Amino acid sequence: MTRLNETKPLINAVRLATASVFVEGPPSVLPAAKRVEEGLVLFHTAMTAVATGTAGTGDDTVAGYLAICGRQRVGVRTALMDFASAARGVLDGDSSQELSTELPPAQDCTEELSWLLDGMEEALGLQRSQLDADVTLSEHGLDSLTALHLGHHLRQRHGLVMEESWFLGMGDQTVRQVAGHIAKLRASGS
């Protein structure tokens, strides 16, 4: 925990740098910058959950969180490379470096909505009656730790391999819209 606590100022420095990129940088570097920040936050959150025992005590739960750490570690490295590539493209005057972040159009899907609400109930510690499918993930209180719990729940119970950072990026979407995106991704085999 001491080493994890020592990294907090570094993560905050990345957050400040990302904010600067969002204010001053060209649009083509924004998605990669956001993925770097989200990946670092999720990696730190997952490591902290394992170190403090808040990830749970079961072998499969701890192993799941360690797997999340491994994926985030690789994801951060990839995001850093994408950011460097996009930044180099801008510096070289190449506007074709624009990264696509477009998601498929949202659609309602009962099965995915039920799975998502179950996961949110568990991750947020709320009763189903407290969740509203037409309220955004952020308004329900989704943060990096609950994104980890939600991703782990969907992977364990339904075999959905969803990157936890994806849920953070969906924070401004309603639960119903996110379920629609999941349905589209499943239908396309993504």
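The values are calculated or read from the model by the stated rules, or taken from the named source; none is laboratory data. All of these numbers come straight from a predicted model, not from anything done at the bench. For neighbour counting, all protein chains shown are included, and Cβ atoms are generated from backbone atoms with ideal geometry for every residue, glycine included. Ligands, DNA and RNA are stripped out before the accessible areas are found, and what is left, the full protein with its side chains, is counted by its heavy atoms. Shrake-Rupley method; radii C 1.70, N 1.55, O 1.52, S 1.80 Å.
For the chain, the solvent-accessible area of protein heavy atoms averages 54 Å² per residue (probe radius 1.4 Å; ligands and nucleic acids excluded). One chain, two ends: VAL14 and MET81. Fully extended at 0.36 nm per residue, the span grows by 22.6 nm beyond their Cα-Cα distance.
Packing here is the average count of other Cβ atoms within 10 Å per residue, and on that basis the peptides 173-186, 134-147, 16-29, highest first, run 173-186, 134-147, 16-29. Across GLU164, GLU122, the residue with the most accessible area heads the list, and the full order at a 1.4 Å probe is GLU122, GLU164. Backbone phi angles across the stretch 139-148, fed through the Karplus curve with coefficients 6.51, -1.76 and 1.60 (θ = phi - 60°), yield HN-Hα couplings of 5, 7, x, 5, 9, 5, 5, 5, 5, 5 Hz in residue order; Gly and Pro are listed as x.
Charged side chains reduced to their Cβ positions (Lys and Arg at +1, Asp and Glu at -1) give the stretch 26-95 a dipole of some 80 debye around its Cα centre. For CYS109, the residues 5 or more places off, or on other chains, whose built amide H falls under 5 Å of its own are GLY180. Each distinct pair of alpha carbons in the stretch 2-41 adds a 1/r term; the inverse of their mean, the Kirkwood radius, is 10.6 Å. Applying 1/(1 + (r/R0)^6) with R0 = 30 Å to the Cβ-Cβ distance of VAL62 and ASP132 gives a FRET efficiency near 0.40.
Per-residue Karplus couplings for the stretch 172-185, computed as 6.51 cos²θ - 1.76 cosθ + 1.60 with θ equal to phi - 60°, are listed in order as 8, 9, 6, 4, 4, 5, 4, 4, x, 5, 4, 4, 5, 5 Hz, Gly and Pro entered as x.
Would you mind telling me the share, in percent, of accessible area of the chain contributed by carbon and sulfur at probe 1.4 angstrom? Answer for the chain is 54 percent, counting heavy atoms of protein chains only.
Is the shape of the chain rounded, prolate or oblate, going by the alpha carbon gyration tensor and its root eigenvalues a ≥ b ≥ c, with a/c under 1.5 for rounded and a/b larger than b/c for prolate? Each step should come with its number before you reach the end.
Working: a/c = 1.92, a/b = 1.24, b/c = 1.54.
Here the chain falls in the oblate category.
Show me, for the stretch 112-124, the HN-Hα J-couplings you get by feeding each phi into the Karplus relation (A = 6.51, B = -1.76, C = 1.60, θ = phi - 60°), rounded to Hz, glycine and proline as x. With coefficients 6.51, -1.76 and 1.60, one gets 5, 5, 5, 4, 5, 5, 4, x, 5, 4, 5, 5, 8 Hz.
Taking the square roots of 5 times each eigenvalue of the Cα gyration tensor of the stretch 122-190, largest first, gives ellipsoid semi-axes of 18, 14, 12 Å.
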